[in-house]
Amino acid sequence: MKKWLVGAGIVAVVLLAVLPMAVSAARNAQTVSVTLSEFKIKGVPAKLKPGAVTFNVKNAGKFPHDFTVLYGPVKWKSGTIAPGKSKTLSANLKPGAYLIVCAQGAGFHISQGMLAKFTVGTFDFQTFKWKA
């Protein structure tokens, strides 16, 4: 009986220590609903917070589109999204400037205006670095 009580007490202490962190992470997660169509990307806010983000991307257009996030040399891609279909893309955002494009048609969709931008954090003009 004592071993069971000690074991239950340890589990309770661990849960009390970990649960607030899990709740905090879930509370800080961001969800962004994006709509793609000819030749627009709608729903991307100008600023997002550092950390986890989920983009729910719907193709409301007549042609295939994609959702590609560029951050320096790093890219996240949804792959092709058929008309009327949706995809989800999750990422962990760091402070910086991001560009979203639809790269379909070997860049033709970009040339027609399918791009959006957002920033994470603020840019420090003294150090020329982004910070949270």
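Worth pointing out:
- Take the Cα of Thr119, step 7 Å toward its Cβ, do the same at Asn28, and the gap between the two points is 2.1 nm.
- Radius 12 Å from Cβ of Ala60, net charge of other residues (Lys, Arg +1; Asp, Glu -1): +4
- Hypothetical label at Trp76: residues of segment 88-114 whose amide nitrogen lies under 18 Å (7 Å Cα-Cβ projection): 88-103
- Convex hull of Cα atoms in segment 29-131, direction-averaged projection (nm²): 6.3 nm²
- Zone of Phe128's modelled label, taken as backbone nitrogen in segment 63-101 under 13 Å from a point 7 Å along Cα→Cβ: none
- Gly105 sits among other residues whose Cβ lies under 13 Å from its own Cβ, and their net charge, with Lys and Arg +1 and Asp and Glu -1, is -2.
- Mean separation of Cα contacts under 8 Å, 6 or more apart, over the residue count of segment 29-131: relative contact order %: 28 percent
Every number in this text was worked out from the coordinates using simple rules, so none of it is lab data. For clarity, every value in this text was computed on a predicted model and none was experimentally measured. Cβ atoms come from the backbone with ideal geometry, glycine included; neighbour counts cover every protein chain shown.
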